[in-house]
Amino acid sequence: MMASATKEVVLGFDARNTTQRVLDSWDSERRNSYLYRVDAPKPLSADNMVWPSIVPLDTALETDAGPLAAHGLWADERALADWATSVSRYSPSDYCVVAVTLCRASRWNRGFTQPVLATPTEGVIGDICEVERVVDNKWRRLGFDVGDSWMLSGLSNCGLEQGDDFEAIRGKWGSALNQFHLFESVEIAAEFAEFADVQVPKHAPFAVYGLWLVDGVLP
């Protein structure tokens, strides 16, 4: 799939688990508690608590994976691939390499100019934005996620409020989600980010993250 005109900055790469247990973890109770589209066949996320990485976090930190190692993201996709093939216990069919991007859409136009990712080094996200690593047109876009500064997903990792308008809210956002429980439209994702700011204020502000398949097959 060709890259879109959406302004995106590549934050880094991760190797995500594609074994059957990832899908099996989405039982009916978890789906009803966390998903806006309950029947999404394969819920995926930039959030590695939703879609697990095969890389232990301490490994990413110890190997100096990059400025966002604390988020589980590697700056160099080749270094990640080398680790996965030579060190990990996983076979190539058990994982895929993904890229996570930070998207600049309508929220940025209204003054939300630079979401502050929670990084151990002040100014890191600004440095990344200056580099402007671009999306490769050979990658496949999986969709847009919405998460907080640690990429905790407001789409699939924040419990849903069971209020009087619960079904209407679930229907509104669920209808815009694809098979991976990700938004197809960056503008709708930006609208959801504003909604999430109100619904889950302790994690605000939420930002829009792109999720791309770089190499491998999906679960």
**Request:** Assess whether V22 counts as being at pLDDT below 95 and touching a helix residue (DSSP H, G or I) at 6+ places or on another chain (Cβ under 8 Å).
**Result:** no
**Message:** Suppose we filter D27, D58 for residues that are out of contact with any strand residue (DSSP E or B) (no Cβ under 9 Å at 6 or more places or on another chain), modelled with pLDDT of 95 or more and either more than 17 Å from D145 (Cβ to Cβ) or β-branched (V, I, T) (or both); which single one remains?
**Reply:** D27
**Asked** assigned to a loop (DSSP other than H, G, I, E, B) and either hydrophobic (A, V, I, L, M, F, W, C) or in contact with a Ser or Thr (Cβ under 7 Å, 6 or more places away or on another chain) (or both), is that true of A65?
**Response** yes
**Criterion violated by L61 - all others in (1) surrounded by fewer than 18 Cβ atoms within 10 Å (Cβ to Cβ); (2) within 30 Å of L160 (Cβ to Cβ); (3) free of Cβ contacts under 8 Å to residues at least 60 places away in the same chain satisfied** = (2)
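For the stretch 136-155, what are the residues that are among the polar types (S, T, N, Q) and at pLDDT 95 or above?
S153
Any chance you could count how many residues in the stretch 147-160 are of a type in the set (G, A, S), closer than 13 Å to L35 by Cβ and crowded, with 20+ Cβ neighbours inside 10 Å?
Here the count works out to 3.
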**Asked** Quick check: anything in the stretch 58-76 within 17 Å of the chain's Cα centre (by Cα) and among the β-branched types (V, I, T)?
**Response** no
**Request:** Taking the residues in the stretch 200-219 that are buried (at least 16 other Cβ atoms within 10 Å of the Cβ) and not hydrophobic (A, V, I, L, M, F, W, C) as candidates, determine which candidate is nearest to V146 (Cα to Cα).
**Result:** Y209
**Request:** Restricting attention to the stretch 179-196, report how many residues are under 17 Å from the mean Cα position of the chain (by Cα) and without any contact (Cβ under 8 Å) to a residue 60 or more places away in the chain.
**Result:** 6
**Message:** With the requirement that a residue be modelled with pLDDT of 90 or more and assigned to a helix (DSSP H, G or I), what does the stretch 194-214 give you?
**Reply:** E194, F195, A196, D197, V198, Q199, P201, K202
**Prompt:** Does at least one position in the stretch 168-190 carry a residue that is surrounded by fewer than 23 Cβ atoms within 10 Å (Cβ to Cβ), among the acidic types (D, E), modelled with pLDDT of 95 or more and part of a loop (DSSP other than H, G, I, E, B)?
**Reply:** yes
**Item:** In the stretch 24-40, residue surrounded by the most Cβ atoms within 10 Å (Cβ to Cβ) [restricted to those that are in a loop (DSSP other than H, G, I, E, B) and in contact (Cβ under 8 Å) with a residue 24 or more places away in the chain]
**Value:** R37
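Does G163 meet the test of being more than 26 Å from V135 (Cα to Cα), small (G, A, S) and exposed (fewer than 14 other Cβ atoms within 10 Å of the Cβ)?
Criteria met by G163.
The values are calculated or read from the model by the stated rules, or taken from the named source; none is laboratory data. Computed from a predicted structure; not experimentally measured. As a convention, Cβ positions derive from the backbone with ideal geometry for all residues, glycine included, and neighbour counts pool all protein chains shown.
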